[in-house]
1. Counting Lys +1, Arg +1, Asp -1, Glu -1, what net charge surrounds residue A:115 among other residues with beta carbon under 14 Å of its beta carbon?
2. Can you give me the angle between helix B:61-76 and the longest principal axis of chain B, using Cα atoms only, in degrees from 0 to 90, rounded to the nearest 10?
3. Suppose the chain between residue A:56 and residue A:135 were pulled fully straight at 0.36 nm per residue; how much longer would it get relative to their current alpha carbon spacing?
4. Give me a single rounded figure for A:127-138: the average over its residues of other chain Cβ atoms within 10 Å of their Cβ.
5. Quick check: pseudo-label points 7 Å beyond the Cα along Cα→Cβ at residue A:74 and residue B:5, how many nm apart are they?
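A short reminder: the numbers here are calculations on the coordinates, not readings from a lab. Remember, predicted model here, so these are calculated numbers, not experimental data. Because the Cβ atoms are built from the backbone with ideal geometry, glycine has one as well, and the counts that use them run over all protein chains shown.
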Amino acid sequence: MYQTQKKGIYFFENQSIGLPLQPEIKNLLFNPNYFNKNMNHYEVTFIIDPVLSGDEIKSTANTYEALLKDQGCSIVHVHEIGLKQLAYPINKKSSGIYYCIEFTSIDGTIIGKLELSLRRDERIMRFLTVRLDKYGIKYNEDRRTGKISAYRKKEAKKKPSDAQSAPVARQEVKAPAPAPVVAAPVVVNEEE
Amino acid sequence: MASRDDIKFLSNPTIGQQRKKYCRFKKFGIKYIDYKDSEFLLQFINEQGKLLPRRITGNSLKYQKLVAVAVKRSRHLAILPYVADLLK
């Protein structure tokens with residue numbers, strides 16, 4: 001079966017068209033999920049000025065959600081990261097409210113409009129738009145369902161284990177400590 | 001004949017040996033590096049906030065490049081600093 005299938009493709013590539021198929025076109029033809037995966041996933045993260053009141057912050061985030069919806073994007077998820085300390089001051093402010101919106105769109109023409117309005121907005125301190133690859137989409141999905149917190153779990157595990165191992169280590173240190181004290185005078189005596 | 005077990009070493013023979021480095025992304029199957037996860041990215045930068053070289057982290061070339069991109073993105077968003085002192 002496999003061989004016949006292979007032959008079929010071979011024939012298709014070389015004789016009916018006369019040119020080897022480009023890998024992109026090949027994927028298009030042979031991937032049954034191609035048309036479902038046509039939508040690109042994007043993720044826009046922005047920092048909102050913390051001076052604003054809570055309602056203003058929410059309305060800021062909502063305007064961009066609405067803007068994306070107006071342009072025909074479907075919003076996958078809005079992640080409110082919340083108030084965070086900035087690693088370095090931006091506009092003489094040392095903290096900011098992080099928002100992350102994940103959305104899907106057929107093409108990237110929306111990105112230009114979105115970034116232009118973000119740039120014009122004085123309430124936005126920084127923003128970053130990223131196209132997600134398939135691993136990124138899966139990562140975000142897993143994070144939403146709570147599958148990914150392994151790193152934090154690992155840390156949580158480490159802390160009790162450290163606490164347990166610490167007293168043991170101290171005991172071990174204590175035990176050999178008196179030995180050299182006893183041995184030292186003996187050596188001195190021999191030299192004398 | 002002296003077998004391996006009979007030989008007594010003056011010093012522990014395993015002391016000088018280095019543990020073989022490995023790419024953690026390949027080993028644990030991590031495919032995506034999140035630029036918003038500062039705790040994870042802190043493992044790949046030094047005290048000054050500079051990227052650690054591959055010879056220290058053991059990353060494969062593919063993932064070192066992805067790490068570099070993720071660190072640069074998080075610097076832009078002020079999640080990681082561009083320059084720092086005593087970061088860790």
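1. On the way: positive: A:113, A:119, A:120, A:126, A:131; negative: A:43, A:121.
Spelling it out: positives minus negatives among the neighbours equals +3.
2. With rounding to tens, the tilt is 40 degrees.
3. Values: separation 79, 0.36 × 79 = 28.44 nm, distance 3.40 nm.
Computed gain between residue A:56 and residue A:135 is 25.0 nm.
4. Values: counts 2, 6, 0, 3, 0, 1, 2, 2, 5, 4, 1, 2.
The mean count of partner-chain Cβ atoms within 10 Å per residue comes to 2.
5. Once both label points are built, they end up 6.7 nm from each other.
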